[in-house]
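K.L.:
The following block contains the structure, expressed as structure tokens.
The values are calculated or read from the model by the stated rules, or taken from the named source; none is laboratory data. As the structure is a prediction and not an experimental result, all values here were calculated from the model. For neighbour counting, all protein chains shown are included, and Cβ atoms are generated from backbone atoms with ideal geometry for every residue, glycine included.
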Amino acid sequence: MDIRRVSVVGCGLMGSGIAEVAAKSGFDVTVLEVDDEVLERGKGRIKRSMDRAVEKEKLTLADREAAWDRLHFTAKVSDLESSNIVVEAITENLDAKVELFRELDKSCPGDTIFASNTSSLTVTDMAAATSRGDRFVGLHFFNPVPVMKLVEVVRTIATSQETVDRAMQFSRALGKVPIAAKDNSGFVVNLLLVPYLLDAIRQLEHGVATIEDIDTAMALGLGYPMGPFILCDFVGIDTLYKISEIMFEEYRDARYAPPPLLKRIATMGRFGQKTGKGFYDWSGEKPVALPV
Ligand code: 3HC
């Protein structure tokens, strides 16, 4: 069976990006959110991103209209019944994800593939709560989804080869480059990225250099598009804190332990770019490092 109808659950930063890319790639997309208010916010995010693509002449007006027509928004799980694949991109909370997949398992036909965009939980923990372990994969996208080319396709010990093949094919149809990863917490990218970001915070705690200088060092010394503190604010301080806690819980390895400074900044509600403050103040034209 070909994948033609895609559902995306969660229309935050990642879900809206996945829905946008799928609609632009010609898929019929249904986006599910908890209520109409959250749906409206997600719709606005997709619209702004598509408008920006039109302004930058990466998308024609006609293609934007066609993509927009392929997008449907709902707050009812039963509207996902005819999906060939459901991609979950809700908050990084295992109980919430398990509850959602249990509900989806009841309402979707047996051949619908379930995929989670989890960044640090294990896919197995979600797949085990459903009756379709063989049709359950991880599809881990990167922020900003319309720009970043990678998708990690994650197989558990129960995922069938056919499901992996179809998930790879689907990722390519979205214009992405898939890589295969085993179901270990953090897969490939976050297994390396998270200790790197946490080490940068530890450097700061030890007074090795300032926020700006550590960022300049990594951007100019290694050619990274963003230094680690800009990247922390971009990923989200709350998200990074949650991911590091999950990975620490899984591996009990000090490399993944959230440094106290990360916890303090998260506790203050400085979640990064999305709240206007993190390691930097984002309210002006240029980010300004905040005292820590
Ligand atoms: N949507 C669509 N297009 C976007 C975009 C968005 N949200 N943000 C940027 N772009 C496009 C721009 O239109 C521009 O395209 P052009 O070159 O054709 O004009 C291009 O991307 C570059 O953007 P800008 O010129 O505005 O800015 P930069 O050159 O600084 O690039 C960036 C922005 C692409 C975000 C770049 O800084 C970058 O690659 N940063 C690293 C991002 C990264 O590491 N992401 C992964 C995070 S980890 C993750 O997601 C995993 C999770 O589990 C934690």
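K.L.:
When you go through (1) within 13 Å of the ligand (Cβ to nearest atom); (2) at pLDDT 95 or above; (3) assigned to a helix (DSSP H, G or I) one by one for Lys274, which number turns out not to apply?
P.N.:
(2)
K.L.:
In the stretch 6-47, which residues are away from the ligand (no atom under 16 Å from the Cβ) and over 22 Å from Glu103 (Cβ atoms)?
P.N.:
Selection gives Gly26, Phe27, Glu40.
Residue-by-condition table, conditions (1) more than 11 Å from the ligand (Cβ to nearest atom); (2) free of Cβ contacts under 8 Å to residues at least 40 places away in the same chain:
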residue	(1), (2)
Leu139	yes, no
Glu152	no, yes
Thr159	yes, yes
Phe170	yes, no
Val177	yes, yes
Asp183	yes, no
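K.L.:
Leu80: within 29 Å of Arg155 (Cβ to Cβ) and within 15 Å of the ligand (Cβ to nearest atom), yes or no? Even if it seems obvious, please write down each step before you answer.
P.N.:
Details: within 29 Å of Arg155 (Cβ to Cβ): yes; within 15 Å of the ligand (Cβ to nearest atom): no.
So Leu80 fails the test.
K.L.:
Would the stretch 81-93 turn up any residue that is modelled with pLDDT of 95 or more and in a helix (DSSP H, G or I)?
P.N.:
Checked the stretch 81-93: no residue is modelled with pLDDT of 95 or more and in a helix (DSSP H, G or I).
K.L.:
Looking at Glu92, is it within 14 Å of the ligand (Cβ to nearest atom), under 20 Å from the mean Cα position of the chain (by Cα) and surrounded by 13 or more Cβ atoms within 10 Å (Cβ to Cβ)? Step through it out loud before you land on a result.
P.N.:
Working: within 14 Å of the ligand (Cβ to nearest atom): yes; under 20 Å from the mean Cα position of the chain (by Cα): yes; surrounded by 13 or more Cβ atoms within 10 Å (Cβ to Cβ): yes.
So Glu92 passes the test.
K.L.:
Moving to a separate point now. Hey, among the residues in the stretch 142-178 that are of a type in the set (Val, Ile, Thr) and surrounded by 16 or more Cβ atoms within 10 Å (Cβ to Cβ), which one's nearest to Asp111 (Cα to Cα)?
P.N.:
Taking the stretch 142-178 first, the residues of a type in the set (Val, Ile, Thr) are 145, 147, 151, 153-154, 156-157, 159, 163-164, 177.
Narrowing the set further to residues that are surrounded by 16 or more Cβ atoms within 10 Å (Cβ to Cβ) leaves 145, 151, 153-154, 156, 159, 163-164.
Working: Val145: 26, Val151: 22, Val153: 18, Val154: 18, Thr156: 18, Thr159: 13, Thr163: 10, Val164: 14 Å.
Only one residue tops the list, namely Thr163.
K.L.:
Filter the stretch 246-292 down to residues that are polar (S, T, N, Q) and touching a residue at least 60 places away in the same chain (Cβ under 8 Å), then give me how many there are. I'd like the intermediate steps shown before the answer.
P.N.:
Of all residues in the stretch 246-292, those polar (S, T, N, Q) come to 267, 273, 275, 283.
Still in the running and touching a residue at least 60 places away in the same chain (Cβ under 8 Å): none.
Within the stretch 246-292, residues that are polar (S, T, N, Q) and touching a residue at least 60 places away in the same chain (Cβ under 8 Å) number 0.
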